[in-house]
Each structure stands twice: as C-alpha cells, then as structure tokens.
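Trainee: Right, I'll just put the structure down here and ask away after.
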Amino acid sequence: EAEAEAEAAEPAELATGAPARNKLMPRMDISAHWHAFPPVEVLAAACESELRELGLGYRAKFVRNAAVKLVAAAEREGFESGAAYLLSLRSRPRPEVISALLALDGVGPKVADCVALFSLDQVDAIPVDTHVWRIACRDYDTSLSACRSLTPAVYERVGDLFRRRFGDHAGWVQRAATPPSPLRLAPPTHRRVAI
C-alpha cells in the first residue's frame, strides 16, 4: 500500500522539485536534491538502460563507458576513487591532462580543453571552436584563413597562437575574446487587456 501511494505521489514530487524515483536512485543516494551527481563508481556499475531512464538518451553509453575508464584509471594509478583520479589531473601538465580526457568515450579536443580549463586548473588550455578560429584568422595569423577545416594540426596551431601571445593564462584570454551568444528574448505571448 505504501508503494502504491509513493508511485501516485511521484508526479507531484517532480513538480515540486523533489527527487524522482527510479532503480538507480537508492544506489546513487541523491535523496536530498534531484540535481546531485552520482559518484563515478555508481555510473560505471549502472547499465546503459538505467542511465537512459534518467534521461541521458544517446549519451548514456558515453557516460557509462567514460565512468568505467575513469574507475580503471583510478585503480591502475592507485587512487581510491574515480573522483580522486580526476582531481589528480589538476596537478599534471596540460598535454597529459588532455591525453587522459581524450581517452574517454565521447570526449573530443574541444571538450577536453573545456574540462581542462574550467574544471582542472589548466589555464593555458584553449577550447578552439569556430569563433576562436575566426579570431585567430582575423587578428593573429591571416594564413589560417587558407585552412579549409579545423583539423587536429590547425586546432593545435590556433591554441599555440593564443598561448604564445598571452602566456600562462591564455585559456581565460580566449574565453574573454569569444563573443557571448546573443540573448534572444521571445516576443510576448499575451496582450494587455484594459479592464
């Protein structure tokens, strides 16, 4: 009877921001807040279908495989958890950090540089996207305009331009140089009515 009441209460809980219920939640121990992130080991132990049920969709496979690789790296290097292994990357040289991140499923150069810059204290990591590439072409090396695509060699060349020009904190400089996405306000969906 209690389970039936709990299931009936679920939609109301979701509307109020209380935790949703599913098979992973008891193992993840995220009863306090619905937005808590589970430990790497829990993600590695979950099956892909459980992660899909949480709303990860096609990303479920990548999240699980990355978690499995992080747990293996932690064990191989003698860390007590995947989180401890990730935190250890903060004190390593940028090329080593990027290499470790690129070994994870679904992580490409830009994501690796973003994680390195914004989470792992690698302040010289340069996440290169089309905006950064255009800035580099326009302001620092016009010969880059002849490159037809952002190949790994061009990606590294753009990053090196920023590092040579701005030094140790080039990652933050490129962040400041990249234009923000324009704020688009939706037109009002209602009309004022005189009463």
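The values are calculated or read from the model by the stated rules, or taken from the named source; none is laboratory data. Keep in mind the model is a prediction, meaning the values are calculated, not measured. Cβ placement follows ideal geometry from the backbone for every residue including glycine, while neighbour counts extend to all protein chains displayed. What goes into the accessible areas is simple: the full protein's heavy atoms, side chains included, and nothing from ligands, DNA or RNA. Shrake-Rupley method; radii C 1.70, N 1.55, O 1.52, S 1.80 Å.
Trainee: Mind listing whichever residues of the stretch 136-158 are among the basic types (Lys, Arg) and either open to solvent by less than 70 Å² (accessible area, probe 1.4 Å) or over 20 Å from Gly108 (Cα atoms) (or both)? Lay out the reasoning, then the answer.
Mentor: Pass one, the stretch 136-158, residues among the basic types (Lys, Arg): 138, 148, 157.
Arg138 - this is the single residue of the stretch 136-158 that is among the basic types (Lys, Arg) and either open to solvent by less than 70 Å² (accessible area, probe 1.4 Å) or over 20 Å from Gly108 (Cα atoms) (or both).
Trainee: Of everything in the stretch 52-85, what is surrounded by 13 or more Cβ atoms within 10 Å (Cβ to Cβ), of a type in the set (D, E, K, R) and more than 21 Å from Ser119 (Cα to Cα)? Give them in sequence order.
Mentor: Filtering the stretch 52-85 for residues surrounded by 13 or more Cβ atoms within 10 Å (Cβ to Cβ) gives 52-54, 56, 59-75, 79, 81-85.
Next, only the ones that are of a type in the set (D, E, K, R) stay: 52-53, 59, 61, 64, 69, 75.
The answer is Arg52, Glu53, Lys61, Glu75.
Trainee: Note down all Cβ pairs under 6 Å where the first residue falls in the stretch 44-56 and is closer than 16 Å to Val71 by Cα, the second is among the small types (Gly, Ala, Ser), and they're at least six residues apart or on different chains.
Mentor: That search, which allows pairs on different chains as well, returns Ala44/Ala67.
Trainee: Let me ask something else. Would you call Val42 among the β-branched types (Val, Ile, Thr) and surrounded by fewer than 15 Cβ atoms within 10 Å (Cβ to Cβ)? Spell out how you get there, then give the answer.
Mentor: Values: among the β-branched types (Val, Ile, Thr): yes; surrounded by fewer than 15 Cβ atoms within 10 Å (Cβ to Cβ): no.
For Val42, the condition - among the β-branched types (Val, Ile, Thr) and surrounded by fewer than 15 Cβ atoms within 10 Å (Cβ to Cβ) - is not met.
Trainee: If I ask for residues that are open to solvent by 30 Å² or more (accessible area, probe 1.4 Å) and in contact with a Leu (Cβ under 7 Å, 6 or more places away or on another chain), which ones from the stretch 91-107 would you list?
Mentor: Val107
Trainee: Check Ser88, Ser49 and return the single one that is open to solvent by less than 70 Å² (accessible area, probe 1.4 Å), over 16 Å from the mean Cα position of the chain (by Cα), polar (S, T, N, Q) and within 22 Å of Pro127 (Cα to Cα).
Mentor: On the way: Ser49 fails: within 22 Å of Pro127 (Cα to Cα).
Result: Ser88 is the single residue among Ser88, Ser49 that is open to solvent by less than 70 Å² (accessible area, probe 1.4 Å), over 16 Å from the mean Cα position of the chain (by Cα), polar (S, T, N, Q) and within 22 Å of Pro127 (Cα to Cα).
Trainee: Looking only at the stretch 123-141, which residues are over 13 Å from the mean Cα position of the chain (by Cα) and assigned to a loop (DSSP other than H, G, I, E, B)?
Mentor: Quick first cut of the stretch 123-141, residues over 13 Å from the mean Cα position of the chain (by Cα) only: 123-126, 128-141.
Within the stretch 123-141, Val123, Asp124, Ala125, Ile126, Val128, Asp129, Asp141 meet the criteria.
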